[in-house]
Amino acid sequence: MAHTMLCLLPAQPRQVIYARARHLGMSLSAPLIAAIAGAVLFSGALNGVVGFGFALVGTMVVATIVSPATAVVLLIIPIFAVNLSLVGELDSSSLRNCTRRFWPYIGTALVGTVFGMAALNVIPDKPLRLGLGVITLLFVVTRQSVVSIPGRQTGANTCFVEAPIQMAGLGVVSGVLFGATNVGVQMVAYLKSCDLDHSVFVGVVALTFLGINGSRVIVAAGLDLYSSGTIALLSVVLAVPAIVGAMAGKRLRPMFSEHRMRQLVLLLLSVIGGRLLLAGSGMV
């Protein structure tokens, strides 16, 4: 299926992403690798503390070092590794219950992800950076509590419900966005609306991203996104700092209040989102 979808894409956009991968392979240096690994380590630690954020923050930071399309591909395996390390927050009973409860959402998100990854090949750099910045800042606006947003609660009550049809619709849209950008804030927002205990929330988020990213590894290979051996190798290597960071963040979690961490995450996302917005607009 993945190969068929790739064949439906124009040849030129595929050549563009392959050229980006080859260029990165030729231009890799120790400082560049160290910068990417540091971004992955930090993002993993943040994910370990608050239960989400690795895909979003990691992609945003790495996208300031390499092209956004390359950043998305590089982080597919590290995202899988991080969520594999955190899914243990769910015991066997919670795992079964959450799987039964959220399967319409997770299943359709898997389908949407395939289409999103196919779209990755045809989105040029600047619009992708602009889109990532806009999505990030919108998430910050909806999560902040300083300024009241009219209609926010009404919208949440209308969209974020657990009826199978609504869950399926949200799953497809969430998957397309995540497949094309590594941005999973829409998934986090939905799961946040389900009134889960924090430890269960962390586990369910990990379960959701684990299933989706397991398929993404296979789809990425089928779409030949790892056409550069350097990209594939670096993606595997980056799984190490990702897991180390996630485990360190998990140990640090009891030291931080949820309110303090929430403020830190929103501040960080504001800075990164603003930087990408400026880059996508051609201002920096």
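The values are calculated or read from the model by the stated rules, or taken from the named source; none is laboratory data. Every value quoted in this text rests on a predicted model; they were computed, and no experiment measured them. For neighbour counting, all protein chains shown are included, and Cβ atoms are generated from backbone atoms with ideal geometry for every residue, glycine included.
Identify, by number, the condition in (1) closer than 19 Å to A206 by Cα; (2) at pLDDT 80 or above that C98 doesn't meet. Status for C98: all satisfied but (2). When restricted to residues that are part of a loop (DSSP other than H, G, I, E, B) and surrounded by fewer than 21 Cβ atoms within 10 Å (Cβ to Cβ), the range 36-66 contains 2. When G249, G184, G245, G282 are screened for being touching a residue at least 40 places away in the same chain (Cβ under 8 Å) and surrounded by fewer than 19 Cβ atoms within 10 Å (Cβ to Cβ), only G282 passes.
Of V236, V200, V185, V172, all but one fail to be at pLDDT 80 or above, more than 17 Å from G44 (Cβ to Cβ) and not basic (K, R); the exception is V172. Say whether the condition of being under 13 Å from the mean Cα position of the chain (by Cα), closer than 23 Å to V173 by Cβ and surrounded by fewer than 24 Cβ atoms within 10 Å (Cβ to Cβ) is met by at least one residue in the range 77-90. The answer is yes; a qualifying residue exists. Among the residues of the range 254-271, those identified as more than 17 Å from the chain's Cα centre (by Cα), assigned to a helix (DSSP H, G or I) and surrounded by fewer than 17 Cβ atoms within 10 Å (Cβ to Cβ) are P254, M255, E258, H259, R260, R262, Q263, L264, L267, V271.
Counting only residues that are outside any helix (DSSP H, G or I) and at pLDDT 75 or above, the range 121-135 holds 0 of them. Answer with yes or no whether V73 is assigned to a loop (DSSP other than H, G, I, E, B) and modelled with pLDDT under 85. Answer is no for this residue. Mind checking which residues of the range 217-253 are part of a helix (DSSP H, G or I) and small (G, A, S)? Passing the criteria: A220, A221, G222, G229, A232, S235, A239, A242, G245, A246, A248, G249.
Looking at A232, is it under 29 Å from F102 (Cα atoms) and small (G, A, S)? No.
Only one entry of V205, V200 meets the criterion of being closer than 29 Å to C98 by Cα, touching a Phe, Trp or Tyr at 6+ places or on another chain (Cβ under 6 Å) and assigned to a helix (DSSP H, G or I), and that entry is V205.
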